[in-house]
1. Going by how many other Cβ atoms sit within 10 Å of their own, how do 286, 299 line up, fewest first?
2. What is the order of 257, 61, fewest Cβ neighbours within 10 Å to most?
3. Taking the Cα centroid of region 85-131 and of region 356-428, what is the distance between the two, rounded to the nearest whole Å?
4. Which shape class applies to region 277-414: rounded if a/c is under 1.5, otherwise prolate when a/b exceeds b/c and oblate if not, where a ≥ b ≥ c are the square roots of the Cα gyration tensor eigenvalues?
5. Between region 315-331 and region 261-298, how far is it from one alpha carbon centroid to the other, in angstrom?
6. Using Cβ counts within 10 Å as a stand-in for footprinting exposure, how do 357, 270 rank, fewest first?
């Protein structure tokens, strides 16, 4: 009999029969041994950010129709540029609320990627490594928890809000460093309460019984994957009994606040992200898309930008008013931009040669643009920032060691952002 299958089958059945909950949605990261110490890198700055809210624009957001307009050029189509609160900086007309907060934003207009397909570009942006069939690399949230651990012992250290099934998660790190996945931010954390009719006393009895039944198996198969199941249940039970579980409940927010963010999955995802970082969740990602506007770019982008503009503007104001923006790094990223050429379907095609990303808070100096593209937005002309450089910049803000070498199970060496160099000039 296959012992791995038997173990998985037993745990799954025990979770439902004994605990009265579903285990699949309660896989939580545990604090890992901190990598700092013997052999750790000295080449890191003092952290300016404690946590990250990472907003991923899935599908390739058009830079020309958002953060890098080219006024007067035929490449703009019907999109107009508007002034912002930062002198000399213009955004697209589709981002009026963010334009008023441009003094908080650092826009990188000189991003470039080597990957021009969605899956590969998404993976590269999240990991700094090209997609390979032989290995899965960790995303930034996993690196953060690997090096620094959690700040709230009862909540997950990393949360992913959205339905992006391509997220690399913990990669080759232990599965406990993977993000907790939440598809619907308005639904709260599913399967996190006792089954109806199950009392605390009965629950404790079943937990104790499950532990006794597990003891022999765990003793015989003292392996990392086996221990991970026990750790998962310990964390799940700890979360179920934590007062901080309320962080996942958007019902505690006033209707006016929900309206302010936008009553849609991305807007509510941003609101949930604010609630989670308030409770010291280290890394929260919210995905939004698709921005894959091969067709009808000038219909699709205004609609998507309205949702983004509303939610991100509210998030920045909310973080600032609560005293969280100074040590929370907000990142807006996408896998590539869109072509200056407008195709026969009034759309723009994939364009990894030049695109825009944005940073705010977490020690980043706002009211500025880094780098530049040419008059058509086709190529970077100044201050090129490669994808690993952006990830190195996020790590730099968190005070993570950029040259610390960690090894995959196959003994291959890896660093957090491969050969990326942080754009230190973005910081105050």
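1. Lowest to highest Cβ neighbour count: 299, 286.
2. So the residues, fewest neighbours to most, are 257, 61.
3. So the separation of the two Cα centres works out to 12 Å.
4. Oblate is the answer for region 277-414, as a/c is 1.5 or above yet b/c matches or exceeds a/b.
5. 15 Å
6. 357, 270
All of the numbers you see were taken from the coordinates with simple rules; none came from a lab. Quick caveat, the model's predicted, so the values are computed rather than measured. Backbone-built Cβ (ideal geometry, glycine too); neighbour counts: all protein chains shown.
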